[in-house]
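Peer 1: Mind having a look at this structure? Questions to follow.
What follows is calculated from the coordinates using simple rules that are stated; it is not laboratory data. Everything numeric in this text was worked out from a predicted model, so none of it was measured. Don't worry about glycine lacking a Cβ; one is built from the backbone with ideal geometry, like all the others, and counts go over all protein chains shown.
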Amino acid sequence: MTHDKPEEAMTFGELLALISEQQRRLTVLESAFANLTFCLDDRASQLLVHNLTLEAQNQNHDEQLQHQFARLAEEIQKCAGTVQDQEKG
């Protein structure tokens with residue numbers, strides 16, 4: 001399905017291009033969320049990690065989505081640790 005003619009099927013090449021574009025957009029969003037710790041105080045950062053960890057344990061999500069929540073929580077913890085280390089040094 002194309003934007004101009006939704007009744008037409010997408011070619012394989014168009015599908016690959018769409019997937020590639022979506023992957024880039026998700027990478028940007030993931031990076032933005034991981035870098036939130038630069039804008040948050042310690043308490044807010046800890047709360048964000050805690051909420052993401054709860055989502056990672058949410059049985060209403062499939063295993064792959066749970067894994068992604070856990071991965072994002074870990075990434076934010078790493079960034080928060082880096083920020084705290086820089087503030088100490």
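Peer 1: For residues in the range 17-53 being acidic (Asp, Glu) and part of a helix (DSSP H, G or I), which is surrounded by the fewest Cβ atoms within 10 Å (Cβ to Cβ)? Outline the logic, then answer.
Peer 2: First pass over the range 17-53, keeping only residues acidic (Asp, Glu): 21, 30, 41-42.
From the residues that got through so far, the ones that are part of a helix (DSSP H, G or I) too are 21, 30, 42.
On the way: GLU21: 10, GLU30: 14, ASP42: 12.
Once the filter is applied, the top-ranked residue is GLU21.
Peer 1: Name, by its number, the condition in (1) more than 14 Å from ALA80 (Cβ to Cβ); (2) loosely packed, with under 12 Cβ neighbours inside 10 Å that does not hold for HIS61.
Peer 2: Looking at each condition in turn, HIS61 falls short on (2).
Peer 1: For the range 54-81, which positions are touching a residue at least 40 places away in the same chain (Cβ under 8 Å) and either outside any helix (DSSP H, G or I) or under 20 Å from GLN23 (Cβ atoms) (or both)?
Peer 2: LEU72, GLU75
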